[in-house]
Amino acid sequence: LGRLVGKHYLTDLDRKRVLACLANLRMICDSTYLFDKTTNVSPKLDEFEELVPDLATDHKFVAFSQWETMVTQAAAVLERHGVGYVVLHGGLSGKERKQVLERFKTDVKCRAFLSTDAGGVGLNLQAADTVVNFELPWNPAVLEQRIARVHRMGQSRPVRVVNFVARGTVEERVLQLLETKRALFASVFDGDEDEIGIGAASAGFMEAVREVLG
């Protein structure tokens with residue numbers, strides 16, 4: 001990755017390699033299981049497990065991850081604690097989505113709503129008052145959309161946001177840069193997705209990558 005970042009010009013293949021490396025780094029920050037499907041080291045899930053009693057006592061919360069596998073890992077934590085939950089992802093039908101939303105809204109024992117970004121488009125989740133982000137989206141618009149799904153019109157309670165960031169990793173650097181480089185990050189994303197487009201302008205793309213890894 002360092003060799004690629006040091007190049008003055010990136011081919012399409014180079015960009016794909018850079019994006020694959022960055023995606024792997026992000027997955028490892030969540031859990032090593034996302035990367036190798038064998039080991040399961042995840043300080044984030046450990047911390048989440050410690051927070052679950054507080055999150056699920058007199059509260060409903062929404063937890064987001066870009067990766068469905070991370071959502072499944074989080075669901076296993078809730079199972080161990082006997083906390084009711086629902087899961088939403090892009091593979092559900094319209095009918096299934098409606099059932100998931102209705103249960104979260106009306107079932108007092110259903111405390112958690114676990115969702116990928118693909119599954120969470122256009123949701124109104126005012127039943128919750130806490131948002132948990134298992135990873136910090138690189139696109140600021142995605143982070144704002146996650147929080148806005150709970151902070152909708154009609155929300156009568158303060159909304160708490162919990163961001164998990166792996167110290168000493170690429171995620172910590174992203175956290176530092178999100179505000180100061182908001183316009184730069186936005187320039188290398190296509191629309192509101194949390195994936196950098198291959199077609200992004202080379203100069204802006206490489207500037208963002210070097211800032212993140214620097």
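Quick look at the values:
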read-out	value
From phi via Karplus (6.51, -1.76, 1.60), per-residue ³J(HN,Hα) for region 34-51 in Hz, x at Gly/Pro	5, 8, 10, 6, 10, 7, 8, 9, 8, x, 5, 5, 4, 5, 4, 4, 5, 7
DSSP-loop trypsin sites (Lys or Arg not before Pro) across region 104-135, with at most 14 other Cβ within 10 angstrom	K109
Fraction of accessible area attributable to carbon and sulfur, region 81-173 (%, probe 1.4 Å)	52 percent
Amide H within-cut-off set for A63, under 5 Å, with H built and near neighbours excluded	F113, L114, S115, V132
Rounded, prolate or oblate (a/c below 1.5 giving rounded, otherwise prolate when a/b exceeds b/c) for region 83-164 by Cα gyration tensor	oblate
Built amide H within the under 5 Å cut-off of R160, gap 5+	T130, V131
Listed residue pairs exceeding 30 Å between alpha carbons, taken from K16/K60; K44/K109; K16/K37; K44/K95; K16/K44	K16/K60; K44/K95
Dipole in debye (nearest 20) - region 23-94, about Cα centre, beta carbon charges: Lys, Arg +1; Asp, Glu -1	260 debye
HN-Hα J in Hz across region 75-82 - Karplus 6.51, -1.76, 1.60, θ = phi - 60°, x for Gly and Pro	4, 5, 4, 5, 4, 5, 9, x
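The values are calculated or read from the model by the stated rules, or taken from the named source; none is laboratory data. As the structure is a computational prediction, the values presented were derived from the model and not from experiment. Here the Cβ is made from the backbone with ideal geometry for all residues, glycine too, and neighbour counts use every protein chain on show. Ligands, DNA and RNA are stripped out before the accessible areas are found, and what is left, the full protein with its side chains, is counted by its heavy atoms. Shrake-Rupley method; radii C 1.70, N 1.55, O 1.52, S 1.80 Å.
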